[in-house]
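Visitor: First the structure, which I've put down as structure tokens, then a few questions once you've had a look.
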Amino acid sequence: MSRPFRLALIAGEASGDALALRFLDSLRQRLGERELVITGVGGEGLVAAGLVPLFPQADIAVMGFGPVVARLPLLLRRMNDAARGVTTFAPDLLLTIDAPDFSLRVAKKVRARAPSIPIAHWVCPSVWAWRSGRARRMTPHIDRILALLPFEPAALERLHGPKTVYVGHPLIERLSELRPDRAEAAIRADSAAPVVLILPGSRRSEIRHLMPAFGEAVARIAAAEPGARFVLPAVPHLREAIAQAASSWPIMPEIVVGEAEKLAAFRKARAALAASGTVTLELALAQVPTVAAYRGAGWEAAIARRLIKLPSVILPNLILGHSVVPEFIQDDATPEALSRHVVSALAEGPDRERQLAGFAEVEAIMKSAGASPAANAVEAALALVGPPPP
């Protein structure tokens, strides 16, 4: 009987846990009767799935400049703890998932301590958007990057980064949740009483900067489309902040909370006004014509303009290589511009049709890796590992 397969796993936050759990399911199917032994860093779900933790994930699950600085001594200590624990474990494979500021530093330390351990990193850092020098710096200690987006392998090759494989995006596995049933499709098709999604973001800074402009845009859309109904899906921890900000809007949206309510709103929506981010890709796969916006502090925008060298920051546009989703950044994100383009997206006509055709192309490109990103990730990672000993 083959010896157990030894996997070291570093998942620094909840989104990484979700990917890791899918990876473990696919890996166990791939290994068959061969035992899987796992150590590393992960949340409660991963511990329940068999991971023996080196330390609690909560020690490193911090976001924002201030909290990171406050916890920096602990973070640095945990980087060393993780690297030491992984090398002592001597795994067949180290898989780091997202959280690049932590996990890639651990990978570098592991490579220095034990150069023979194969290392894969799942979720390509956005080196194609900013801080492109990170790509070359990853090359000595990352053997394979498992990419969520189809344009990333070519981007990493251009930037002299590690070999990168497009394994697919988890959203591809959720297409059925984004597609309307017959009753929902009828609601979506009703141009006389359209459902308009309002998505001001999932961070407090986004809410603060976008809600005023979105509120004025909603009033303008309502004036042009008297039958429109506005639905605002909110993440639970921001519901009160969003409700308070929306209370001064001339038109109060229906605020829904939770993933199930959000998906139901997506399936009924005829158009959306959204903050830039991953949600624009969800909307594209849900076939909801979208107008995207970003507003931040002036100093943030000045830095972003110097660092980001892209023709678009909207994922569907980047996947296609041309713009189908109108985007409005900073001072260009005016209520007049946003409302005018949403009204155009609601109406049958060339603007709406152009987006829908582009979204169909986005889906075809996203599906090119196959139906299971997790299974693809397993195959790409196992390609780094030699055959098991007899």
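Values in this text are rule-based calculations from the coordinates and carry no lab data. Bear in mind the structure is a predicted one, so any value in this text is a computation, not a measurement. Here the Cβ positions follow ideal geometry from the backbone for every residue, glycine too, while neighbour counts run over all protein chains shown.
Visitor: Among 329-338, 198-207, how do they line up from the highest to the lowest mean number of other beta-carbon atoms within 10 Å?
Guide: On the way: 329-338: 16.0, 198-207: 20.7.
In decreasing order of mean packing, 329-338, 198-207 become 198-207, 329-338.
Visitor: If you count, for each residue, the other Cβ atoms within 10 Å and average over each peptide, how do 110-123, 340-353 line up from highest to lowest? Intermediate results must be reported in sequence, preceding the final value.
Guide: Working: 110-123: 19.1, 340-353: 17.3.
Top to bottom by mean Cβ count within 10 Å: 110-123, 340-353.
Visitor: Let me ask something additional. If packing is taken as the mean number of other Cβ atoms within 10 Å per residue, what is the order of 240-253, 93-106, highest first? Before the final figure, lay out the partial values.
Guide: Numbers: 240-253: 15.2, 93-106: 23.8.
For the peptides 240-253, 93-106, the packing ranking is 93-106, 240-253.
Visitor: Related question: Okay, helix-only estimate at 222 nm for the chain: each DSSP H run of n ≥ 4 adds -39500 (n - 2.57), divide by all residues, round to 500 deg cm²/dmol; what do you get?
Guide: Here the helix-only value at 222 nm equals -14500 deg cm²/dmol.
Visitor: Among Arg174, Arg267, Arg77, which one moves the most in a GNM of the chain with springs linking Cα atoms closer than 10 Å?
Guide: Residue with maximal mean-square fluctuation among Arg174, Arg267, Arg77: Arg77.
Visitor: Excluding residues fewer than 8 places away in the same chain, name every one of the lysines whose C-alpha is closer than 22 Å to that of Lys367.
Guide: Lys163
Visitor: Give the aspartates and glutamates whose C-alpha is closer than 18 Å to that of Lys268, dropping any in the same chain fewer than 8 places away, or say none.
Guide: Glu177, Asp181, Glu184, Asp190, Glu225, Glu254, Glu259, Glu282, Glu348, Glu353
Visitor: Tell me which aspartates and glutamates have Cα within less than 16 Å of Lys109's Cα, excluding those fewer than 8 residues away on the same chain?
Guide: Asp81, Asp101, Asp143
Visitor: Here's something else I'd like to know. Around Ala264, with a cut-off of 11 angstrom between Cβ atoms, what is the net charge of the other residues, counting Lys and Arg +1 and Asp and Glu -1?
Guide: In short, -2.
Visitor: Also: Compute the Cα gyration tensor for region 174-366, then decide on rounded, prolate or oblate, letting a ≥ b ≥ c be the square roots of its eigenvalues: rounded whenever a/c is under 1.5, prolate when a/b is larger than b/c in the other cases, and oblate in all that remain. Provide the component values of the computation, followed by the final result.
Guide: Numbers: a/c = 1.40, a/b = 1.09, b/c = 1.29.
Taking the square roots of the gyration eigenvalues as a ≥ b ≥ c, region 174-366 is rounded.
Visitor: Give, as a single signed number, the net charge of other residues whose beta carbon lies under 11 Å from the beta carbon of Arg84, with Lys and Arg counted +1 and Asp and Glu -1.
Guide: Values: positive: Arg77, Arg78, Lys109, Arg113; negative: Asp81.
Result for the local shell: +3.
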